[in-house]
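Here's the structure, in structure tokens; my notes come after.
Only the coordinates and a few stated rules stand behind these numbers; no lab work does. Model, not experiment: these values are computed from the prediction.
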Amino acid sequence: IDGMANSKLPIDVCERIIDDVYNVTQEPWRCYELLACALTCKAWTPRSLYVLYSYVYVDGRTAPMFLESLALYPERAVWTRELKVFPYSYVPLGLLLSPQLLKNCNRLDLSVYQYPGLYLDRVIKPLLSLHYSITCLDLHWSTTHSLTISALCSLLCALPRLQILSIFSDVYPEI
């Protein structure tokens, strides 16, 4: 951000442009636009990367790349405020939900259609209980593939600071 001080545009204008790239797209492929901002000039790189790592959307293809980038640049993990896991693709949740990686993540959008209830109970629930920063959970689930009501309650109890819960279900659309 210090490099923006040398820019011909005011710092707040540069930051607003970069932030608006995220605000306009809010889709997983928006990372390409943010990467383009990072490559526009050296001064834009820090803010672009900050926004890119603040709102992370992963699927089976992008999750390994995200984890690899955090292995190379672990200091960026604290920037993640929101993590969205797209449905219907396998994502290594055991690695992705590691509390060492996502210390400041406060919103989790989790699709559990493809995971068996036992995996959620034995792996995901203990990991979520270590995430004290999560205050908002968007949960996409199905009783036919993953969670039962009792397993759902158990999963929710693992998040002591949860304030906002949104549930999307193919079986109980009224929830």
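Here the Karplus relation 6.51 cos²θ - 1.76 cosθ + 1.60, evaluated at θ = phi - 60°, turns the backbone of segment 63-75 into coupling constants of 4, x, 5, 4, 4, 5, 5, 6, 5, 6, 10, x, 5 Hz, with x for every Gly and Pro.
Built from the Cα atoms of segment 36-91, the convex hull projects on average onto 4.0 nm², one quarter of its surface area. Here's the list of lysines a cross-link from residue 103 could span, going by alpha-carbon distance under 21 Å and ignoring same-chain residues fewer than 8 apart: 84, 125.
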